[in-house]
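The values are calculated or read from the model by the stated rules, or taken from the named source; none is laboratory data. Just so it is clear, the structure is predicted and the values come from calculations on it, not from any experiment. When we count neighbours, we look across all protein chains shown, and the Cβ atoms used for this are built from the backbone with ideal geometry, even at glycine.
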Amino acid sequence: MTEPAKPANALELHDLSVAYRVGGRNRAVLRNLSLGIGQGEAYGLVGESGCGKSTVALTVVRYLPRNGSITGGAISLDGQDVMKLDAEALRRARAESVSMVYQDPGKALNPSLRIGRQLTEIFELGGVSGQAASDKAIAMLNRVRISDPASVMQRYPHQLSGGMQQRVAIAMALANDPTMLILDEPTTGLDATVEAEVLDLIAQLRQELSASILFISHNLAVVSNMCDRVGVLYAGMLVEEGPTDVVFNDPRHPYTVALLRCLPRGGQRKDHGRLDTIPGFLPGIGAAIRGCAFADRCALATDRCRTELPPLYDLGGRLSRCHYHEQAQSLPRATPSDAAASTPKAAAESVLRVEGLNKTYASHGHALRAVKDVSVSLRPGETLGLVGESGSGKTTIARLLLGLVPPDEGGRIELEGKPLAARLDNRTADQIKAMQIVFQNPDSALNRSHSIRHLISRALKRLAGLSGAALQARLDELVRSVRLTDRHLAVKPRQLSGGLKQRVAIARAFAGEPRIVVCDEPTSALDVSVQAAILNLLADLQSKEHVSYIFISHDLAVVRYLSDQIAVLYLGRIMELGPSENVFAGPHHPYTEALLSAVPKLDQTETSRIRLDGEIPSATNPPSGCVFHTRCPRKLGAICEEQEPSLAEAEPGHTIRCHIPYAELARLQKQKAVQTEPA
Amino acid sequence: MVFLGGQVLPGNVGRAILGPFADQRAVDALNHSLGVDRPLLTQYGSWIWNFIQGDMGTSYIFRSPVAPFVIDALGNSMKLAAVAFVLVVPIGILGGVIAALNLNRPLDRIISLGGLSVTVLPEFVTGIILILIFGVWLRWLPISAAWPRDAGFFTQLYYLILPSLPLFLVLFGYIARMARSGMIEALDSDYTRTAVLKGLPWRTVIWRHVLRNALLPTITVIATQTGYLIGGLVVIETLFRYQGIGSLIFTAARGKDFPVLEAGILTIGIVYAVATLAADFLYSVLNPRIRLGTDQ
Amino acid sequence: MSATDAQTSMPDNTGRRGPWAEVFFSLLRSGTFLTGLGIVLFWVACALFGEHFAPYDPLADDIINALAPPSAEHWFGTDQIGRDVFSRVIVGSRDILTVAPLATLLATIAGTALGLFTGYFRGIVDDIVSRILEAFMAIPVVIVALLAIVALGTSKATVIVVIGLSFAPIIARTVRSAVLAERELDYVAAAQLRHESALHTMFVEILPNVIPPILVETTVRLGYAIFAVATLSFMGFGIQPPSPDWGLSISSNYGMIGGGFWWTVLFDALAIASLVIGVNLAADGVQGALND
């Protein structure tokens, strides 16, 4: 049922099964997984959380957690049977043929050893020591494009930024010129511009080195840009495999089809209709699966799917584990796309107006300007998207508006034309219920000791002033409006999945019929299929309740889907502010341009991309003049270093903070577009 | 911070002691001669001032300066504490490391549960049992710590083994437990995974990557146990009739000899402060994150 | 309504039992906990009903039979005034099992309140209180107790108050650090955005979430309270004669062990040992169950 084993494969998994022992029972995580990665090939493994993709990586290097065990199958690395290796042979295999880079480089490096030591010890294994090892280490750091490697050698990991740490980790992984490189979510958690750099580096290194790559990611776009072939993992099984562009453009398994439909793509917006979703849940680990693992969530499923496990059908150079693979793309939508979101009335009075908002923190004796001179306004029923990388101040702005943190003196916040006190304690009950928030992480936002009923009722009591039968009636209505049922009310948050928890948080935010809801990265902790459902829900609620959103996200596609206006933030300053479509269409601020270019896209058409050098500067010590000048690819010269540009109106309602005149920006960016157009 | 504590406390304590003091009969005159009827703050100030100069006041009971008593006793106690420490720190750490390396296997259960059990036994209980076993039944070791005059280093050591064992047992569990949990955390960490996947030999992984990170927190724990150790000394020195700071405080408390009591307590406050500072210092020297701060 | 409703089926990876039921069942599966509990319950039974099955009156002297070694008549021998050691050991758990739990209760209540307030309000008050508590903890409990008892005189109430207040800062520190972590969670901000009072936030929102560390700390402290009571009694500052308390008995008899009268102290020592170990095994089990 698998493709015939080619002896040349760098990695070959055959019928691999892995289980974790939980609560005294072995629970299957990987089920009869077979795949092969050819010499020099880059193979992407994608899937949502809990599908077992990281387990694949750990199994290959035989580093499963204590409760994990291989229950069947074989792994062959470069023709060597990994399962049969004794301790010493396994050590040698790790030293010589396989390397791994994973998420969170800050933890992957030893905090109490210098970078140099952590690199040279690898060469010492090969018998190279002293100055020779140092030289090789420096060469390796050069290779991962670290400038000034000699000084980096002397540093400890905590003295490097996340991007640098990941480069060091990659250098360590490649130090022995392995035949197999496993990258497990190597850029997850990094900022978009830094992620782009690291991905570029990996792509370049691929040209220089011979290693085969197993690239594991939840991000389909990243995999589509990095890999030759891709495998889609679902509930520990391979459900589809094939060349990347073929699988993503012409998927043949309903799960892949549905997954791709969940992503807001190609500038899709809320008024274009709802995103599609995947109903139901991933089977839990160890769940007994008869038939097709996806059958419960698949609209195409028949009785045959529920009883008979589909084999991996060979469709000529690609595989699909679906009885009806030829119909996969006719999978009906799980969510109808009707309901166009209402657009705000242009003439309406602002519901929120912010002028000259500043926030300075004291940090180790330095002034840290988290937010500088932010002015925005928001109309009823409108969404303002706040976009930025870490340190941009987007979450601080949310907390300032809500009154959770007091701003510096001098700024002004107006709610429906009336000034709003800076501190929560000084706001009236009406003002408090008018502005609520949906936090990023529902585990933190929902009190784990209280039942869902208590959580929502308490909000209704405090914010809507309801009690007794009126409260009960409103509770029912609210619960239905976020598509929860009575059954969910009795349980505690931890008994619900991430998506359901976020619905509870949304219900709570809407308890007092707010005018404005701040959404602080509400979907960033969720899988794409769940993300789509939450975005739909937010759009539906907005059109029904005519509520305004301040929507914070680092994900440009998500922001674009929901926002009418967008503010792009960098180091606490608004660099660009304008109607969503104008900001995306350009001409835009050079930073916005770079940010847009940095985001990996499934339908990548651009060939030349803008890359930013270096790291995001620290807010305690921001660059002089224009804060972006240190990384700006369109820097003019001294003026950028000396003078901070003001937010100038580029076209009505669209402002940009840049010394380059708007017309010139338009010319430069158009030129680039022409350049990159295929001849 | 700890220093502040060491200095504030004798004040509080002094006040507490002065409570029942007032209603004693003939003591007023004595009070005057001792200067304790002056305002509390003045008294406290001059007491601290004298203490710094090495004058710890005069004992009510012995009618002689306190300082020589305290210094002698401190020296004796330090010998006892040193024997316990020298034994327990390496053995405790070793026990914790071995337990962590054999996680959830019988050896780990024995060390963990055994350590946990001996840690919570009061010193006088283990002391009694040890005296019975080694002093009374086997007659291997002397049951009193008072060594003969002019005893040499090894004789003194011989007399100190039995008294130091109860202290050892209490501290062993603590240190082993800390070392074990530090080890487990380090063994489960991503950086250990990195080191293993580099293909380093297991021995190098443990020595170079795991141990150092694992044992850092243990150092702080060892220092905070000095406070406990002094409490333990009070009991042990009484049980073994040993002239240390603990038995000095105990006798002074029974006899309401306040100058001795205050001087003794301030002394251990200082010892504690010094130990904690030393640990903070050691910790920051060994931990590059504190030593070098963050650039980013 | 749309097909998104299908989302409302519950994921099957969630437990049916509530979190506390799970802790309970995990305790029942823990050998360590059950062993510890068994030992503690044995001594509690002795404290409650010991008189009924002790062969002799633990306080009755019998000078003629003084210092008799263990025999069929006196299983554990007799002490220097001829009291039956076996009967005294059986009944000797009563005082320590009254004083130590009360002291622990006092410490838990005071420590929890202190920890909640300092952790919730943070700022300057927290700094000052924390420094004072830290200083307080620097001095060993035995010495604090010794001083307080010298000042206040000896009684069970003093011992309870002294140990309770000495342990309160330790519990406060644990509670405070748990509260500081909770304080950072968004549900506290959400409560503020509902204009909840500080007391509501502290006691209704935060307190239920810090119960597990409080429980662990309390069971561990109970072990140390027994340790402390026994030690104080041994030093003569705790439970007073004529109680058959273990520490007290050891204190009045250990002077004679050089003469070979081991039975006058050994059984009391073993009794204390078994009780503290029992409490700590149980505490370890509780900790394991709550951390799972």
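Scanning the range B:180-204 for residues that are among the β-branched types (Val, Ile, Thr) and either touching a residue at least 40 places away in the same chain (Cβ under 8 Å) or under 23 Å from B:TYR283 (Cβ atoms) (or both) turns up B:ILE184, B:THR192.
Take the range B:237-253 and flag every residue that is within 12 Å of the chain's Cα centre (by Cα) and closer than 21 Å to B:ILE129 by Cβ. If the condition is that a residue be within 12 Å of the chain's Cα centre (by Cα) and closer than 21 Å to B:ILE129 by Cβ, then B:GLY246 is the only one that fits. Residues in the range C:255-274 that are at the interface with chain B (Cβ under 7 Å from one of its Cβ atoms) and either touching a Gly at 6+ places or on another chain (Cβ under 8 Å) or surrounded by fewer than 24 Cβ atoms within 10 Å (Cβ to Cβ) (or both): C:ILE257, C:GLY258, C:GLY260, C:TRP262, C:LEU266, C:ILE272, C:ALA273.
The single condition from (1) touching a residue at least 60 places away in the same chain (Cβ under 8 Å); (2) out of contact with any helix residue (DSSP H, G or I) (no Cβ under 8 Å at 6 or more places or on another chain) that A:TYR591 fails is (1). Each residue in the range C:131-157 was checked for being modelled with pLDDT of 80 or more and part of a helix (DSSP H, G or I), and 2 of them qualify.
Look at A:TYR549 and say whether it is in contact with a helix residue (DSSP H, G or I) (Cβ under 9 Å, 6 or more places away or on another chain), surrounded by 24 or more Cβ atoms within 10 Å (Cβ to Cβ), within 22 Å of A:GLU349 (Cα to Cα) and more than 14 Å from every other protein chain (Cβ to nearest Cβ). Taking the combined requirement at face value, the residue satisfies it.
Screening B:PRO217 with (1) within 14 Å of chain A (Cβ to nearest Cβ); (2) under 28 Å from B:ALA82 (Cα atoms); (3) free of Cβ contacts under 8 Å to residues at least 24 places away in the same chain; (4) not polar (S, T, N, Q) gives one miss only, at (3).
The single condition from (1) surrounded by 24 or more Cβ atoms within 10 Å (Cβ to Cβ); (2) within 14 Å of chain A (Cβ to nearest Cβ); (3) not β-branched (Val, Ile, Thr) that C:LEU232 fails is (2). The number of residues in the range A:549-562 being modelled with pLDDT of 95 or more and touching a Gly at 6+ places or on another chain (Cβ under 6 Å) comes to 1. Can you tell me which residue within the range C:128-157, out of those that are of a type outside the set (A, V, I, L, M, F, W, C) and surrounded by 18 or more Cβ atoms within 10 Å (Cβ to Cβ), is nearest to B:THR276 (Cα to Cα)? That would be C:PRO140. The set of residues from the range C:165-193 being away from every other protein chain (no Cβ under 14 Å), surrounded by 24 or more Cβ atoms within 10 Å (Cβ to Cβ) and either within 22 Å of C:SER243 (Cβ to Cβ) or not aliphatic (A, V, I, L, M) (or both) comprises just one member, C:ARG176. Looking at the range A:25-37, is at least one residue outside any strand (DSSP E or B) and either touching a residue at least 60 places away in the same chain (Cβ under 8 Å) or buried (at least 23 other Cβ atoms within 10 Å of the Cβ) (or both)? No, every residue in the range A:25-37 fails to be outside any strand (DSSP E or B) and either touching a residue at least 60 places away in the same chain (Cβ under 8 Å) or buried (at least 23 other Cβ atoms within 10 Å of the Cβ) (or both).
So that you can scan it fast, the table gives a plain yes or no per residue for (1) outside any loop (DSSP other than H, G, I, E, B); (2) closer than 30 Å to B:ARG109 by Cβ:
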residue	(1), (2)
C:PHE24	yes, yes
C:GLY36	yes, yes
C:ILE39	yes, yes
C:PRO55	no, no
C:ALA72	no, no
C:GLY82	no, no
C:ARG88	yes, no
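Taken together, the residues in the range B:126-159 that are under 24 Å from the mean Cα position of the chain (by Cα) and either outside the structural domain of B:VAL88 (by TED's automatic domain parsing) or closer than 19 Å to C:TYR254 by Cβ (or both) amount to 13.
For the residues B:PHE240, B:PHE281, B:PHE258, the requirement of being of a type outside the set (A, V, I, L, M) and facing chain C (nearest Cβ under 10 Å) singles out B:PHE258. Residues in the range B:191-204 that are within 10 Å of chain A (Cβ to nearest Cβ) and assigned to a helix (DSSP H, G or I): B:TYR191, B:THR192, B:ARG193, B:THR194, B:ALA195, B:VAL196, B:LEU197, B:TRP202, B:THR204.
This table checks each residue for (1) surrounded by fewer than 22 Cβ atoms within 10 Å (Cβ to Cβ); (2) within 11 Å of chain B (Cβ to nearest Cβ).
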| position | (1), (2) |
| --- | --- |
| A:ARG114 | yes, yes |
| A:LEU119 | no, yes |
| A:SER134 | yes, no |
| A:THR179 | yes, no |
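Checked against the criteria, C:GLU217 does not count as among the charged types (D, E, K, R) and within 10 Å of another protein chain (Cβ to nearest Cβ).
Report whether or not B:TYR191 is surrounded by 20 or more Cβ atoms within 10 Å (Cβ to Cβ), modelled with pLDDT of 90 or more and of a type in the set (Ser, Thr, Tyr). Criteria met by B:TYR191.
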